[in-house]
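Remarks on the structure that follows.
The values are calculated or read from the model by the stated rules, or taken from the named source; none is laboratory data. These figures come from a predicted structure and were not determined experimentally. Note that each Cβ is placed from the backbone with ideal geometry, even for glycine, and that neighbours are counted across all protein chains shown.
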Amino acid sequence: MNRTRTLLRFAALFALVGTFIGSHMAGAGSYALKPMHAHILVVGWLSLFAFAVFYRMFSIPKKSKLANIQVWTAIIGSVTLPTGMYWERMINEGPLAAFALIYYIVGGTILLVSFVLFFIMTFVFSDQINDRE
Ligand code: HEM
């Protein structure tokens with residue numbers, strides 16, 4: 001997998017979806033989608049873009065499972081956190097409410113795992129992460 005390209009494409013997709021939701025909110029005059037808009041853009045667009053730049057700048061080994069899991073939990077979490085946040089707020093009753101809560105918790109945790117792995121990687125790949133001479 002080309003991590004930079006994969007992250008960049010997903011970042012661009014989230015940018016598109018997030019700004020589209022923003023335009024819809026502005027046009028409709030209803031801000032119900034605001035948390036989803038904000039998180040799709042800040043997590044999906046900005047964080048994935050930052051991760052793409054990270055993998056482009058530093059030579060993280062292609063075979064690293066740690067890095068691959070970091071990338072995929074970031075991408076999946078960028079979908080599951082914003083959608084979980086939205087459904088959990090919107091569905092208040094019935095069996096779907098419990099499902100929405102569990103989805104929100106699991107979805108948010110997936111994203112959290114990605115950020116924890118990223119933190120760990122800054123130590124595991126110390127040799128690859130250097131200032132330019
Ligand atoms: C087509 C472009 C965009 C449109 C039309 C748009 C529209 C909006 C609207 C209508 C709101 C609600 C404002 C309010 O509560 O008074 C909002 C909130 C927000 N937007 Fe956007 N937005 C756009 C792009 C972006 C981008 C590129 C980002 C970040 C990279 C972003 C991040 C946010 C955040 C974080 C909030 C929440 C602010 C808060 O609650 O204080 N938006 N946006």
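Observations on the model:
- In the set (1) modelled with pLDDT of 95 or more; (2) more than 11 Å from the ligand (Cβ to nearest atom), Pro95 fails one condition alone, (1).
- If you check Ala67, Ala38, Ala52 for being within 16 Å of the ligand (Cβ to nearest atom), assigned to a helix (DSSP H, G or I) and surrounded by 19 or more Cβ atoms within 10 Å (Cβ to Cβ), only one passes: Ala52.
- Glu133 being of a type in the set (D, E, K, R), loosely packed, with under 13 Cβ neighbours inside 10 Å and under 30 Å from Ser30 (Cα atoms): no
- Taken over segment 16-35, the criterion of being under 18 Å from Thr80 (Cβ atoms) and either outside any helix (DSSP H, G or I) or aliphatic (A, V, I, L, M) (or both) is satisfied by Val17, Ile21, Leu33.
- The residues on offer are Trp45, Trp72, and the sole one that is within 13 Å of the chain's Cα centre (by Cα) and more than 16 Å from the ligand (Cβ to nearest atom) is Trp72.
- Residue check for Leu117: surrounded by 16 or more Cβ atoms within 10 Å (Cβ to Cβ), more than 17 Å from His39 (Cβ to Cβ) and of a type in the set (A, V, I, L, M, F, W, C): yes
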